[in-house]
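Take a look at the structure set out below.
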Amino acid sequence: MGKRANKDFELRGINHLALVCKDMARTVDFYQNVLGMPLTKTIDLPGGMGQHFFFDIGNGDSLAFFWFPEAPDAAPGVASPARMVGEGSIATAHGSMNHVAFDVAPEKMEEYRERLQARGIEVTAIVNHDNSPMQASPTLTDDVFVRSMYFFDPDGVMLEFAAWTRELRADESELSGAVAEDRDRYLEKQREFFEMLRRRAAPES
């Protein structure tokens, strides 16, 4: 991916993302034994407030988890996606963390998908994201800018293995940001989109 300098702050990437889990032992088993991330720091929070564990995700970056004894139950569709990519809306609430994407080498995508499946993880097909109206190509073309596969961790956190495939062009960042007034227009487009997908999937009579 092309690099663009931050003129205000010399940021060096993500120090860590902090998520919340229901069972820290189960989380350690998944991230350490299924995804192979080294557990680098474990903290017992003061006053019985819980635990805070860190995993190395490469390049000096970390993925961290809190375990809080009083944490509310998971709320799929609010705090995390209720569906897998390709199975419907993946919308989550304002202020939520929708998913975590780990950067991987493009040539490793097929191998890593097979490895996840061999470890019993349900994972999507590899999605070739491009600039077409459907924003996905069945094959790897010159327009594809990133390839992705998606899966869930034991707490329903959506994870992604993503691989950039080319440098991004300046004209690929010209879209204006949506505002509250755009909501109804986008919801109508969404209804039309899902109706089109349903028609395509319906068996011919």
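The values are calculated or read from the model by the stated rules, or taken from the named source; none is laboratory data. Computed from a predicted model, the values in this text were never measured in an experiment. Glycine also receives a Cβ, built like all others from the backbone with ideal geometry; neighbour counts cover every protein chain displayed.
Brief remarks follow.
- Residue match in segment 43-50 (condition: among the β-branched types (Val, Ile, Thr) and either surrounded by 13 or more Cβ atoms within 10 Å (Cβ to Cβ) or under 26 Å from THR124 (Cα atoms) (or both)): no
- Qualifying residues in segment 20-53 (those that are free of Cβ contacts under 8 Å to residues at least 40 places away in the same chain and among the hydroxyl-bearing types (Ser, Thr, Tyr)) - the one nearest to ALA118 (Cα to Cα): THR40
- Single match in ALA71, ALA79, ALA75 (criterion: of a type outside the set (Lys, Arg), surrounded by fewer than 14 Cβ atoms within 10 Å (Cβ to Cβ) and under 15 Å from PHE152 (Cα atoms)): ALA75
- The requirement of being within 25 Å of SER80 (Cβ to Cβ), part of a loop (DSSP other than H, G, I, E, B) and either over 17 Å from the mean Cα position of the chain (by Cα) or without any contact (Cβ under 8 Å) to a residue 24 or more places away in the chain (or both) is satisfied by GLN135.
- Screening segment 89-104 for residues that are closer than 17 Å to VAL123 by Cβ and not in a strand (DSSP E or B) and picking the one that is nearest to the chain's Cα centre (by Cα) gives ILE90.
- Among the residues making up segment 117-147, those that are among the charged types (D, E, K, R) and over 18 Å from TRP164 (Cβ atoms) are ARG119, GLU122.
- As for segment 103-126, it holds no residue that is crowded, with 18+ Cβ neighbours inside 10 Å, in contact with a Ser or Thr (Cβ under 8 Å, 6 or more places away or on another chain), of a type in the set (A, V, I, L, M) and outside the structural domain of PHE30 (by TED's automatic domain parsing).
- In a residue-by-residue description of segment 172-180, the property of being in contact with a Phe, Trp or Tyr (Cβ under 9 Å, 6 or more places away or on another chain) and either among the β-branched types (Val, Ile, Thr) or touching a residue at least 40 places away in the same chain (Cβ under 8 Å) (or both) applies to at least one position.
- Reported count of residues in segment 16-37, each being in a loop (DSSP other than H, G, I, E, B) and surrounded by 12 or more Cβ atoms within 10 Å (Cβ to Cβ), is 5.
- Residues in segment 138-165 that are of a type in the set (Ser, Thr, Tyr) and in a strand (DSSP E or B) were compared, and the one that is nearest to ALA64 (Cα to Cα) is TYR150.
- Candidate set: segment 68-88, residues that are within 27 Å of GLY48 (Cα to Cα) and of a type in the set (A, V, I, L, M); chosen: the one farthest from the chain's Cα centre (by Cα): ALA71
- Residue within segment 54-62 that is free of Cβ contacts under 8 Å to residues at least 40 places away in the same chain and assigned to a loop (DSSP other than H, G, I, E, B) present: no
- Single condition THR40 does not satisfy, out of (1) touching a Leu at 6+ places or on another chain (Cβ under 8 Å); (2) modelled with pLDDT of 95 or more: (1)
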